[in-house]
Amino acid sequence: MARSFNQVILMGNLTRDPELRTTPNGTSVCSFSLALNRSYKGSDGNWQEATDFIDIVAWGPLGERVAQYLTKGRAALVNGRMQSRSWEQDGQKRSKVEVVAQDVTFLGGPGGGGAPAGNDDMDQTPAPAKAKPSAKKGKQEDVVIEDIGDEPINLDDIPF
C-alpha cells in the first residue's frame, strides 16, 4: 500500500490567546487558532481580501511553550499535519479538521508586531529556552538564548 503525505505549513496571526489544558493522564494540550489572510482576483477583475481561520493543537512541551509565549494577535509559523476527528454532542454527530502542530516558530516581537525580534523556534525538542539581556553598551539590548548546555548563544552570531 502506498504511503500518503500529510504536511501543512501555515503562517498567520493568533485569533485568541492559547488555551492550555491537561488530559486526565497528565499530558498538556494547547489549542489556538490562526487567521490566514489572502488576496485573490474576483470575477470583476478587482482584488479581493479573504481570511481563513484554522484551528491548531499543540501537545506536550510544545503546547506549554505556545501557551507561555504566544498571545492574541502574535504572528506564528506552524508546521504540522492535518487531522480530522468526530464525536457526538447533544445527540448530534460533529466533526472537525484541525492541524496538529509539530513545530511552532514565534514571529515578530513580544508585542506581536513589527520586525522579527529573534525568532523563538519552539519545536518538539525538550530544550528549554531562557532569555536574558547581554551586557553590551551603546547598542540596543541583545537577547541571548541559553541552550541545555548552559553555553550562551549570541543571536548576532547566527548567520540568518
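When the residues of the stretch 20-36 are filtered to those that are part of a strand (DSSP E or B) and in contact (Cβ under 8 Å) with a residue 24 or more places away in the chain, the one that is surrounded by the most Cβ atoms within 10 Å (Cβ to Cβ) is Phe32.
The residues of the stretch 40-81 that are farther than 19 Å from Thr15 by Cα and surrounded by fewer than 16 Cβ atoms within 10 Å (Cβ to Cβ), listed by number, are Tyr40, Lys41, Gly42, Ser43, Asp44, Gly45, Asn46, Trp47, Gln48, Gly60, Arg81.
Okay, residues lined up against (1) of a type in the set (Ser, Thr, Tyr); (2) touching a Leu at 6+ places or on another chain (Cβ under 9 Å):
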position: Met11; (1), (2): no, yes
position: Thr22; (1), (2): yes, no
position: Gly26; (1), (2): no, no
position: Val29; (1), (2): no, yes
position: Asp44; (1), (2): no, no
position: Gly73; (1), (2): no, yes
position: Glu88; (1), (2): no, no
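Every residue in the stretch 37-88 that is polar (S, T, N, Q) and either in contact (Cβ under 8 Å) with a residue 12 or more places away in the chain or not in a strand (DSSP E or B) (or both), please.
First, the residues of the stretch 37-88 that are polar (S, T, N, Q): 37, 39, 43, 46, 48, 51, 68, 71, 79, 83-84, 86.
Scanning the stretch 37-88 gives Asn37, Ser43, Asn46, Thr51, Gln68, Thr71, Asn79, Gln83, Ser84.
Set side by side, the residues Asp55, Asp17, Asp90 differ, and just one is over 12 Å from the mean Cα position of the chain (by Cα), assigned by TED's automatic domain parsing to the domain that holds Leu107 and of a type outside the set (S, T, N, Q), which is Asp90.
The values are calculated or read from the model by the stated rules, or taken from the named source; none is laboratory data. Source: prediction; values computed, not measured. All Cβ positions, even for glycine, are placed from backbone atoms using ideal geometry, and neighbour counts span all protein chains on display.
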